[in-house]
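The values are calculated or read from the model by the stated rules, or taken from the named source; none is laboratory data. This structure is a prediction, so every number in the text was calculated from the model and none was measured. Reconstructed Cβ throughout: ideal geometry from the backbone, glycine too, with neighbour counts over all protein chains shown. Accessible surface is based on the protein model in full, side chains and every heavy atom, while ligands, DNA and RNA are left aside. Shrake-Rupley method; radii C 1.70, N 1.55, O 1.52, S 1.80 Å.
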Amino acid sequence: MTRISQRLKRKRHTLTYRIARFCALALLLSAATSPKAQERAKAVPVTGVLRELVRRSTLAEPDGKPFYLRAKVLNAKQADWEYNAEVEEYWVSPTKWRRTIRSKGFSQTLIVSGDQRFEQNTGDYFPPDVERLIVSLVDPIPVNVLQAFEKLSMEIQKPDGKTGQCFVDQYFDDQHGERVRAAVALDSRTGLLNYLWFPGWSVGVLADYRSFHYKLVAWKTKDNPVNAEVEDLKDLDHPDESLFAVKEGSPPSEQIRTVLVSGTEYKKQLSNAAELKWPAVSGPPDSGTVKVKIVIDRNGHVREARSYVASNSELKDWTVEQVKGWEFKPYLVDGAAVQVETTLDIDFKTELKSGAPSLPAASSYFDRARQLSGLRVEGAQAFHMRASFEAFGSAELTGVGTYEETWASPTQWRREAILGGHTVTEARNGDLGFRKFDQPYSARRIDQAMEVLSPALPSGSGASTALTWRVANGQLGRAEMVQVWRGKLGDDGKPGANTQVYYFGPDNGLLRGHHEMSDLTIYNDFADFSGKMVARRLSVLENGFKILEIKIEQLDASQPQTDDFFTLAGVRPISYAPGNVGSKHVPAVPIKQVKPAYTADLRTQGFHGKVTCNMLIDSHGHVREVRCPEGLNPGVEAAVRAAAMQWEYAPATFNGRPILSFGTVEFQF
């Protein structure tokens, strides 16, 4: 295995820095005659882009300017983390450089001089995530990662000079036959690298690019629990040659290297592991798999373990704690022990707790609900619906509104809602979608009513569904239900703001309730339409308070309509065609901003400062959740939350399609 941070000599490149080279990535080819042809014209090979980025942003490249760099690695949530580090690097060429790392848990002096490599380590474990962060500051696209991408056929959209992110990913089978992922994201405005994902290489988002001679260098990484930041970068003039003096290179046994190993292969190294006595679970499934990612030191001790995926999420933390106690035989490469990163698939077979329900899998409830009540499934009766709704609460628009929908098929429909003189119209005609509203942003209550009246159950079955959804007996109000959910439930059984829950009648399987993004929809007054049992009255509660009461007043078979009826003239369509080459992400942009109220109480307390909060923004641009820093003054938090919930955005898009997103906003008091 090649060490991730290993610097191999690259071909010499002419490093004439010309902005025009990357500005060319922003040009759009107008000669294409169809949307698909245009997408192909905008796409460029990923490997070519990565090579250009090496020339543009890699400090430690052949013919690069000698530099001195000082940086730090910090865990933002653990100020006393033993691997928070200070880093210094003196670099003259790929074959002449020196790096020192100092932290409480590990220190290293590494000198490369010609073909000699000297390594002095204090501490027996070097966290791979920390090493990657340090390497990324001078070499964000290591040569072995670039070579690996060259084996893939990936294309990415050309940056167009506008705000956003161009993105592409690809799943492929690695040399061990395991399914893995590669991904690249570029800043659409500058063409610079946002992040790179490959097995064994991920350092978060590269940010704060600054000029150093003819290069633009990322001074920070962000969005990971642990990040790196450059504190000083300058020319290395007349370096002290003693810095690079090496009397004798270090043998492999004195070097710390990290390799990726197949989980299947690495299980053979297990030397000491107690038989797992799986605890009983409170709900199905009682068998499946827990994936645990581990890092093992050179002595075979598990130093890091975490799990993101489990057939039954109730077993994730328990499994991780068991694996932390496992021992492995040292893993040898060229006769020397190395650190190992791997992911283990650990199968479990347990039993349900006494009194726990033995219920079918989640997919069976979704499939049954579609059969019973799914109006908008392939082959269903075309229909025309009219409804009225009353909107309550603190939203900008409340009162009585109307809704009308004509549905011919899953890819041909039109719906419209009106409230307080404000109209929102949506339509779909084949691969093209349309959305129109007559104000700078759509009304929150209208969008909520339209979503509730045109629900979509999760699709698919099998492994992906089983790994995310859980099933148990529960309650909706005082009524006994079967609940299918993903996310976190509180100790009182109530779902968190981001937890999705579907409530099904235990006897008939009808969908009776749905919780998502703090909204709970309750379905009542079922009546038959073309063999489907359809709820005619719907109530929506937000954080326990009623915000919508909806009544379906008319539901009958629709008459045939022309294609023009399902097209909104003058509206730029959104393409839902499959197989678009490349992807572009555009972040949400604020349209309406509200400042927090500086109340008399806050003035009396003399509160002054800056508050940064995170927001969940839905696909229509409405703020659905606000998260404030822990320990914030309650009065300040209330003011910030009240203001942030009133913000409105042009929603984030991915490949032109509106999506859910997260945003950060800063308030000054």
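Percent relative contact order of region 583-669, based on C-alpha pairs within less than 8 angstrom and at least six residues apart?
Relative contact order of region 583-669: 47 percent.
For an R0 of 30 angstrom, estimate the FRET efficiency from the Cβ-Cβ distance between H176 and S287 and round to the nearest 0.05.
Step by step, r from the Cβ atoms, then E = 0.75.
Whole Å is fine, so just give me how far the alpha carbon centre of region 229-299 lies from that of region 61-87.
Between the Cα centre of region 229-299 and that of region 61-87, the gap is 19 Å.
So, with +1 on the Cβ of K and R and -1 on the Cβ of D and E, and no other charges, what is the size of the charge dipole of region 135-182 about its Cα centre, to the nearest 20 debye?
My answer is approximately 160 debye.
Once you charge only the Cβ atoms, +1 for Lys and Arg and -1 for Asp and Glu, what is the size of the charge dipole of region 446-538 about its Cα centre, to the nearest 20 debye?
Dipole of region 446-538, to the nearest 20 debye: 120 debye.
Return the distance in nm (one decimal) between the two label points of a simple spin-label model at N524 and W197, each offset 7 Å from Cα along Cα→Cβ.
Using points 7 Å along Cα→Cβ, the separation is 4.4 nm.
Given a Förster distance of 45 angstrom, what is the FRET efficiency for N299 paired with S459, based on the Cβ-Cβ distance and rounded to 0.05?
So, using R0 = 45 Å, E works out to roughly 0.45.
Below 8 Å, C-alpha to C-alpha, sequence gap of six or more: please give me the relative contact order for region 613-663 in percent.
This gives 48 percent for region 613-663.
Projected onto the charge dipole of the chain (+1 at Lys/Arg Cβ, -1 at Asp/Glu Cβ, origin at the Cα centre), which of S619, V184, V640 gives the Cα projection farthest towards the positive end?
Farthest towards the positive pole: V184.
All other residues with a Cβ under 12 Å from the Cβ of P360 taken together, and with Lys, Arg as +1 and Asp, Glu as -1, what is their net charge?
That works out to 0.
Mean projection of the alpha-carbon convex hull of the chain over all orientations, in nm²?
Convex hull of Cα atoms, orientation-averaged projection: 34.7 nm².
Run the accessible area of region 491-615 with a 1.4 Å probe and give the carbon-and-sulfur part as a rounded percent.
50
Report, to the nearest whole %, how much of the accessible area of region 241-333 belongs to carbon and sulfur atoms, 1.4 Å probe, protein only.
Its accessible area is 48 percent carbon and sulfur atoms.
Quick one: accessible area per residue over the chain, 1.4 Å probe, rounded to a whole number of Å²?
Accessible surface, normalised per residue, equals 49 Å².
For a 22 Å ceiling on Cα separation, which of these pairs sit above it: K353/K494; K158/K436; K158/K215; K316/K349?
K158/K436
Could I have the simple spin-label model distance between E82 and Q593, label points 7 Å from Cα toward Cβ, reported in nm to one decimal?
The answer from the label model is 4.5 nm.
So how do 167-177, 537-547 stack up, highest first, on mean other-Cβ count within 10 Å?
Ranking, from highest mean packing down: 537-547, 167-177.
Quick check for me: using +1 on Lys/Arg Cβ and -1 on Asp/Glu Cβ, what's the dipole size of the chain about its Cα centre, in debye to the nearest 20?
1280
Using +1 at the Cβ of each Lys and Arg and -1 at the Cβ of each Asp and Glu in the chain, identify which of A273, T423, P506 lies farthest towards the dipole's positive end.
The listed residue farthest towards the positive side: T423.
Over region 338-460, with every protein chain in place, what whole percent of the accessible area is carbon and sulfur at 1.4 Å, could you tell me?
Ligands and nucleic acids excluded, carbon and sulfur give 48 percent.
What full-extension length gain, to one decimal in nm, is calculated for S271 and L152 as 0.36 nm per residue of separation minus the Cα-Cα distance?
39.2 nm is the gain from fully extending S271 to L152.
With an 8 Å Cα cut-off and a minimum separation of 6 or more residues, compute the relative contact order for the chain in percent.
It comes to 10 percent, rounded to a whole number.
At 0.36 nm per residue, minus the direct Cα-Cα distance, what do A336 and D564 gain on full extension? Give it in nm, one decimal, please.
75.0 nm
Using just the helices of the chain, give the 222 nm mean residue ellipticity in deg cm²/dmol: DSSP H runs with n ≥ 4 each add -39,500 (n - 2.57), and the total is spread over all residues, rounded to 500.
So the helix-based figure for the chain works out to -4000 deg cm²/dmol.
On a 0 to 90° scale, report how tilted helix 444-453 is relative to the longest principal axis of the chain, with both axes built from alpha carbons and the result rounded to the nearest 10.
For helix 444-453, the angle is close to 70 degrees.
For region 38-83, what is the per residue volume of the convex hull drawn over the alpha-carbon atoms, in cubic angstrom?
Taking only Cα atoms, region 38-83 has a hull volume of 155 Å³ per residue.
At a Cα cut-off below 19 Å, give the aspartates and glutamates reachable from K584, other chains included and same-chain residues fewer than 8 away excluded.
Result set, ordered by chain and number: E39, E155, D160, D169, D187, D431, D618.
Excluding residues fewer than 8 places away in the same chain, name every one of the aspartates and glutamates whose C-alpha is closer than 17 Å to that of K329.
Cα-Cα hits under 17 Å: D124, E265, D297, E304, E341.
Give the residue from P560, N655, T319 lying farthest towards the positive end of the charge dipole for the chain; charges sit on Cβ (+1 for Lys and Arg, -1 for Asp and Glu) and the dipole is referred to the Cα centre.
N655
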